[in-house]
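For reference, the structure discussed in these notes is given below.
Read the figures in this text as sums done on the coordinates, not as results from a lab. Remember, it's a predicted structure, so these values are computed and weren't measured experimentally. Every residue, glycine among them, receives a Cβ derived from its backbone with ideal geometry; neighbour counts consider all protein chains shown.
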Amino acid sequence: MNDAAIPAQGTKQAILEAAIRLFARHGYSTTPLSLIAAEVGIRKPSLYNHYAGKDAILSAVFELFRVLVRPPEDAEAMLAQFEGSSAEQVLNGMIDWYMTHTDRPLIADAWVIISEEQFVNAEAAQLTLEVTDRMVEFTRFAFRWMCARGLLPRVEDPEQAGEAFGYAFRGVRLEYVLRRHHGLSTSESRRRMQTLARFFATGGKSHESLDS
């Protein structure tokens with residue numbers, strides 16, 4: 001699902017999108033409702049016609065993130081496009097799929113908000129764990145899929161390998177989001193992702209050993 005697929009809801013949607021931008025830029029706790037209202041072009045009292053308060057807006061941010069940040073609905077169909085590809089091509093394709101979603105403005109800003117709030121907000125913490133679990137479940141499935149097709153002859157335990165890849169990729173993706181948010185170069189983060197794909201595709205062999 002992409003940003004364009006979200007049903008337009010007029011002022012309520014405009015409030016949510018403005019809040020996401022402002023929370024990401026200034027922080028949730030330091031962004032007043034008056035600033036959100038001004039960003040949308042309405043008076044603060046009018047905002048309460050759509051949301052009970054700032055906490056309700058934050059919960060809506062979490063729900064939007066939950067809907068947008070999810071593995072492919074049909075993992076088998078998504079991976080089927082890689083039939084005949086190498087394991088490294090499959091992993092790079094998975095990375096590209098996730099990064100296409102990560103680069104969408106609403107999702108990128110929501111990542112920042114949730115990363116900040118997860119240590120002080122139980123709902124954000126639960127969402128972080130939920131999204132991580134879903135991604136790792138998908139990477140486990142992908143490694144089982146590749147092993148079943150003989151693409152990972154050096155991998156003895158696809159469940160463990162898929163889990164390790166999922167958590168490793170999650171870490172680099174968060175690094176990417178942090179760099180992107182602060183206007184820093186993300187090229188090193190993307191290089192790390194390619195290195196991860198190659199490392200796991202070869203069953204843990206280093207770049208150097210492959211070239212020797």
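Expressed in nm to one decimal, what extension gain is obtained for the pair MET99 and ARG134 from 0.36 nm per residue of sequence separation less their Cα-Cα distance?
Numbers: separation 35, 0.36 × 35 = 12.60 nm, distance 1.58 nm.
Difference between extended and current length: 11.0 nm.
Could you tally the net charge around ASN121, taking each other residue with its Cβ under 15 Å from the Cβ of ASN121, Lys/Arg +1 and Asp/Glu -1?
Numbers: positive: LYS54, ARG66; negative: ASP55, GLU63, GLU116, GLU117, GLU123, GLU130.
Combined, the nearby Lys, Arg, Asp and Glu give -4.
So what J values fall out for the stretch 73-78 if you push phi through Karplus, 6.51 cos²θ - 1.76 cosθ + 1.60 with θ = phi - 60°, rounded to Hz, Gly and Pro as x?
Computed from phi, the couplings for the stretch 73-78 are 4, 10, 4, 4, 5, 5 Hz.
So if we plug the beta-carbon distance of THR186 and ARG21 into 1/(1 + (r/R0)^6) with R0 = 30 Å, what FRET efficiency do we get, rounded to 0.05? Walk me through the numbers before you get to the answer.
Working: r = 20 Å, r/R0 = 0.66.
Efficiency computed from Cβ-Cβ geometry: 0.95.
Can you grab the distance from the C-alpha centre of the stretch 68-88 to the C-alpha centre of the stretch 118-189, Å, no decimals?
Taking the Cα centre of each part, the stretch 68-88 and the stretch 118-189 sit 14 Å apart.
Please give the FRET efficiency for ALA75 paired with SER29, using the beta carbon to beta carbon distance and R0 = 41 Å, rounded to the nearest 0.05.
On the way: r = 38 Å, r/R0 = 0.92.
So, using R0 = 41 Å, E works out to roughly 0.65.
Fewest Cβ neighbours within 10 Å first, please rank LYS12, LYS44 accordingly. It would help to have the intermediate numbers written out before the result.
Working: LYS12 16, LYS44 13.
Result, fewest neighbours first: LYS44, LYS12.
For the stretch 7-59, which semi-axes, largest first and in whole Å, follow from the square roots of 5 times the eigenvalues of its Cα gyration tensor? Write out the running numbers ahead of the final one.
Details: eigenvalues 47, 28, 23 Å².
Over the Cα atoms of the stretch 7-59, the ellipsoid semi-axes are 15, 12, 11 Å.
Considering only the other residues whose Cβ falls under 11 Å of the Cβ of GLU188, what net charge follows from Lys and Arg at +1 and Asp and Glu at -1? Spell out each step's value before the answer.
Working: positive: ARG179, ARG190, ARG191, ARG192; negative: GLU175.
Residues near GLU188 contribute +3 overall.
All other residues with a Cβ under 15 Å from the Cβ of PHE141 taken together, and with Lys, Arg as +1 and Asp, Glu as -1, what is their net charge?
Numbers: positive: ARG70, ARG134, ARG140, ARG144, ARG149; negative: GLU73, ASP74, GLU76, ASP133, GLU137, ASP157, GLU159, GLU163.
Around PHE141, the surrounding residues sum to -3.
For the chain, return all DSSP H helices satisfying: extent of Cα atoms along own axis at least 20 Å; mean Kyte-Doolittle hydropathy at least 1.0.
On the way: long enough: 10-26 (24 Å, 0.14); 54-68 (21 Å, 1.15); 87-102 (22 Å, -0.19); 122-148 (39 Å, 0.21); 158-181 (34 Å, -0.57); 187-201 (21 Å, -0.83).
Qualifying helices: 54-68.
Mean residue ellipticity at 222 nm from the helices of the chain, using -39,500 (n - 2.57) per DSSP H segment of n ≥ 4 over the full residue count, to the nearest 500 deg cm²/dmol? Don't jump to the answer; show the numbers that get you there.
On the way: 11 runs with 150 residues, N = 212.
Rounded to the nearest 500, it is -22500 deg cm²/dmol.
What FRET efficiency comes out for the pair TYR48/GLN118, r = Cβ-Cβ distance, R0 = 35 Å, nearest 0.05? Before the final figure, lay out each step's value.
Details: r = 27 Å, r/R0 = 0.78.
So the FRET efficiency works out to roughly 0.80.
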